[in-house]
1. Among 180, 92, which comes first, then next, by fewest other beta-carbon atoms within 10 Å?
2. Computed FRET efficiency, Cβ-Cβ of residue 52 and residue 153, R0 35 Å: what is it to the nearest 0.05?
3. Can you tell me the length gained on complete extension of the stretch residue 271 to residue 120, counting 0.36 nm per residue apart and subtracting the Cα distance?
4. In terms of the Cα gyration tensor, with a ≥ b ≥ c the square roots of its eigenvalues, is the stretch 123-214 rounded because a/c is under 1.5, prolate because a/b exceeds b/c, or oblate?
5. Compute the distance in nm between two label points, each set 7 Å from the Cα along the Cα-to-Cβ direction, one at residue 127 and one at residue 260.
6. By count of other Cβ within 10 Å, fewest leading, how are 186, 70 ordered?
7. Could you calculate the contour length gain from residue 65 to residue 91, that is, 0.36 nm times the residue separation minus the distance between their Cα atoms, to one decimal place in nm?
8. Using the 10 angstrom Cβ neighbour count as an exposure proxy, how do 150, 54, 84 rank, fewest first?
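FYI, it's all coordinate maths here, none of it is from the lab. Here the structure is a predicted model, which is why all the values come from computation and not from measurement. Cβ placement follows ideal geometry from the backbone for every residue including glycine, while neighbour counts extend to all protein chains displayed.
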């Protein structure tokens with residue numbers, strides 16, 4: 001039992017959870033010294049450079065020309081818009097609270113898949129979506145004083161963007177690996193974030209060292225390394241195990257935020273976060289039924305880890 005728990009792929013999955021959870025408090029540190037625009041661009045650009053350097057070693061292929069519009073959509077939503085909105089929201093929203101709100105992103109990807117990809121809208125999907133959104137409402141209300149705060153709604157907008165990214169990656173994941181899709185999206189997001197360069201230049205010149213270190217950390221570890229070890233883990237672990245591990249990101253972010261920033265979560269926020277995660281878990285319990293001849297242990301190998309590898313992935317983190 002112990003050798004299995006410390007196997008490289010299990011450690012890679014655990015490392016992904018910790019890295020993606022640590023991104024939320026690291027954003028708080030970076031915003032204070034760099035501002036929203038500079039932190040967004042630096043993180044995106046650093047991650048893109050790192051992934052492009054790894055690409056030859058990982059045998060990342062060039063994308064087909066016909067897939068470029070969908071890759072641009074992934075970069076616009078899951079990278080550029082997501083980073084800017086999340087950073088903007090975290091100006092006022094606590095890091096742990098932001099992680100709880102971002103946790104509902106799969107709700108939007110599932111609903112979009114049902115609308116545009118003809119995926120079946122089951123009872124679990126509908127009920128899970130309602131529960132998850134209700135949990136997000138509780139978190140948002142707890143973060144304000146008598147109502148929804150603008151910053152909480154901005155973080156929810158970031159969750160919507162990540163949901164669109166998950167939805168947009170599904171057609172791409174039929175032809176490319178999760179790491180390839182993440183690399184394409186990060187490169188596209190960097191190009192779309194080029195208008196942020198002037199603000200980044202001025203902010204970087206007078207930024208304190210801890211903010212610059214935070215930007216480098218976010219780009220190299222949660223964004224770049226996080227995707228690499230995530231792709232490694234999901235290729236070697238059952239789909240259920242890799243998906244379930246992502247439910248640990250919000251609680252891990254709360255613990256790291258407490259230790260790093262001294263943020264004490266509000267009990268109501270914790271309750272709302274638990275409700276949201278329960279809704280997402282219910283959504284992911286859909287479609288167990290297969291024809292009698294199909295294997296009982298999950299999806300066919302060709303559609304499993306490859307299709308889900310980028311589904312909860314990046315950006316978020």
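1. Ranking 180, 92 by Cβ neighbours within 10 Å, fewest first, gives 92, 180.
2. Approximately 0.55, to the nearest 0.05.
3. 51.4 nm
4. Oblate is the answer for the stretch 123-214, as a/c is 1.5 or above yet b/c matches or exceeds a/b.
5. 3.7
6. Ranking 186, 70 by Cβ neighbours within 10 Å, fewest first, gives 70, 186.
7. 5.5 nm
8. By the 10 Å Cβ count, ascending: 150, 54, 84.
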